[in-house]
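The next block holds one structure in the form of structure tokens; read it before the comments.
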Amino acid sequence: MAVSTRSPSSLRCAFAPGVPDAWSLGAESVEGLLEGALWGRASQELLEESGDGSWSLSRVPLPGTPLPGQEGLRGAPRGIGTGWIRLRSYAPWSAWRSLGSRLSAPGGATPAEREWNLLCHLRAAGVATVEPLAVVADGASRRSVLVTRDVDPGPTLAEALALGEERIPGLGEALAHLAGRLAAAGAVLPGLAAERIRVQGLGEGQAGDAAEGSCALEQVLAARGDRPVEFGERLTVREVPSLVLEGAESGSVRPRGAQGRWSAWLAGLAD
């Protein structure tokens with residue numbers, strides 16, 4: 001899983017496998033990552049911020065990412081590829097709120113650490129989310145920042161629902177799968193709106209032609225219990241889009257009532 005380290009200034013930090021340090025993300029140090037002092041800071045874009053100033057979300061290019069009009073400043077990648085990353089920076093939590101968060105699932109003394117733990121929990125349960133790359137927290141001030149890879153382009157779930165199943169085959173199956181995975185994870189995500197979910201994996205010819213099913217494929221379907229399968233019948237195979245959560249802020253884990261909670265969420269999308 002994640003690799004945890006402690007900086008000389010007692011900052012807590014953790015990096016995902018494949019992310020060796022803050023330098024690979026464009027910062028000179030862990031402190032720089034917390035402060036947002038990154039290689040691509042001049043191109044930083046503010047995406048969203050809370051009304052009460054408790055957090056802000058921005059995106060920054062990784063070192064080596066081609067930038068229009070700045071070809072001479074491109075530099076070289078630092079080991080984790082190019083592209084953009086997202087920084088969700090949180091203002092300090094109170095001591096009481098920090099203590100309460102430590103004692104509840106998924107735990108975490110700061111909101112960034114709590115969201116990091118929740119994203120890891122959801123991904124382990126088969127829920128597609130943004131890729132967490134690093135988390136840094138200051139134990140003294142209780143400031144924190146969560147770093148994730150930017151989401152791939154694609155319509156939001158709200159836009160996809162407006163288009164309908166006819167335009168996006170498999171959307172219903174994808175929604176049912178997402179709700180099932182979230183229920184299995186016991187997730188509580190009060191801020192999860194259709195605008196915060198990306199629909200990916202779209203392409204031409206999603207609805208595949210009927211083809212003779214192979215013995216292996218029939219056995220997989222039978223084992224999953226999707227429906228009775230008679231060997232030799234013709235099966236229709238089609239791609240199903242992937243639904244990716246852009247974040248999990250303010251979320252928690254509470255298994256009790258999870259099935260009903262996510263069934264109601266699905267019903268609300270249909271209204």
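For a quick check: sort Val30, Val240 by the number of other beta carbons within 10 angstrom, fewest at the front.
Ascending number of Cβ neighbours within 10 Å: Val240, Val30.
Could I have the simple spin-label model distance between Leu266 and Arg167, label points 7 Å from Cα toward Cβ, reported in nm to one decimal?
2.4
Residue by residue, what Karplus-based ³J(HN,Hα) values in Hz, rounded to whole numbers, does region 17-31 have, using 6.51, -1.76 and 1.60 with θ = phi - 60° and x for Gly and Pro?
x, x, 10, x, 6, 5, 4, 5, 8, x, 9, 7, 7, 5, 4
Hey, what do the phi angles of region 182-196 turn into as Karplus ³J(HN,Hα) couplings, whole Hz, using 6.51/-1.76/1.60 and θ = phi - 60°, x for Gly and Pro?
5, 5, 4, 7, x, 6, 10, 10, x, x, 7, 10, 4, 6, 9
If each of Trp23 and Ala184 carries a label point 7 Å out from its Cα toward its Cβ, how far apart are those two points in nm?
According to this spin-label approximation, the distance is 4.1 nm.
How would Leu146, Leu157, Leu189 line up from fewest to most surrounding beta-carbon atoms within 10 angstrom?
Ascending Cβ contact count within 10 Å gives the list Leu189, Leu157, Leu146.
Could you check the spin-label model distance between Ala125 and Asp52? Points 7 Å from the Cα along Cα→Cβ, value in nm.
Going from the Ala125 label point to the Asp52 one covers 2.5 nm.
Given H placed on each backbone N at 1.01 Å, which residues far from Thr129 in sequence or on other chains put an amide H within less than 5 Å of it?
Answer set, sorted by chain and number: Leu245.
Extension gain Ala158-Ser10, at 0.36 nm per residue separation less the Cα-Cα distance, in nm?
49.0 nm is the gain from fully extending Ala158 to Ser10.
Values in this text are rule-based calculations from the coordinates and carry no lab data. Quick caveat, the model's predicted, so the values are computed rather than measured. No Cβ is skipped: glycine too gets one built from the backbone with ideal geometry, and neighbour counts run over all protein chains shown.
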